[in-house]
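Take a look at the structure set out below.
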Amino acid sequence: MSDKKWYAVYTKVRWEKKVSELLAKKKIENYCPLNRVTRQWADRRKVITEPLFTSYVFVRVSAEEHTQLLKTDGVISFVYWLGKPAVIRDGEIDMIQNFLRDYPAITLERTPVNVNDMVRVISGPLMSKEGHVIAIKSKTVKIMLPSLGYIMAAEVENANIEVIHENLNLFVGNTGKLALS
């Protein structure tokens, strides 16, 4: 049997929690990141948990388990990259878990660029200028999830950072926890 790897699967709309339960019953390791958010109704406010990534559940399976996984109610397909199911690095799953544990009310930002991408300005006063993408915000911790194309962001107080490795953009905030910028 080959090694198990993390993959992302598409689910039916609003079936993330249900798919996670069904996969657990089949003894398929999975992770449906749940975010605590406050919702306001006319008569009350309530903190609820909802999936951080809509229509995604992460699964840790071997190649032999792909067919069984796709037979699960609510699972539509794998997320593909270059014609193959996209492998999610263990470190990215760990970062999502740690980030959700350490920060409440996470937001996701879809990003077309990554830190250190070389870009060119296509309009405005700096048109045709080139440079590398960087992000520095004193009150926001951000983690780049490159294989998913998302940035997770959370507001924090006094997020002092120190560069650990320039090429990977690793930082340690005032909590002493590792984060990616």
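See the values below:
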| quantity | calculated |
| --- | --- |
| Built amide H within the under 5 Å cut-off of Ala86, gap 5+ | Ala8, Val79, Tyr80, Trp81 |
| Amide proton proximity set for Tyr56, modelled H, under 5 Å, gap of 5+ | Thr11 |
| Charge tally in the Cβ shell below 13 Å around Val37, where Lys, Arg are +1 and Asp, Glu are -1, Val37 excluded | +3 |
| Solvent-accessible area, 1.4 Å probe, carbon plus sulfur percent, for the range 1-118 | 51 percent |
| Fraction of beta bridges assigned by DSSP in the range 19-95 that are antiparallel (%, nearest 5) | 100 percent |
| Gain on full stretching of the segment that runs from Asp73 to Val13 - 0.36 nm per residue minus C-alpha separation | 20.4 nm |
| Average accessible area per residue (Å²) across the range 1-104 - probe 1.4 Å, nucleic acids and ligands excluded | 63 Å² |
| The range 15-56: relative contact order as a whole-number percent, Cα under 8 Å and 6+ apart | 38 percent |
| For Tyr7, net neighbour charge (Lys/Arg +1, Asp/Glu -1) across residues whose Cβ lies under 14 Å away | -1 |
| Total formal charge among the other residues, if their Cβ is under 13 angstrom from that of Ser77, Lys/Arg +1 and Asp/Glu -1 | +3 |
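The values are calculated or read from the model by the stated rules, or taken from the named source; none is laboratory data. Not measured: the values here are computed from a predicted model. In this analysis, Cβ positions are derived from the backbone assuming ideal geometry, glycine residues included, and neighbour counts consider all displayed protein chains. Surface areas here come from the heavy atoms of the whole protein model, side chains and all, with no ligands, DNA or RNA. Shrake-Rupley method; radii C 1.70, N 1.55, O 1.52, S 1.80 Å.
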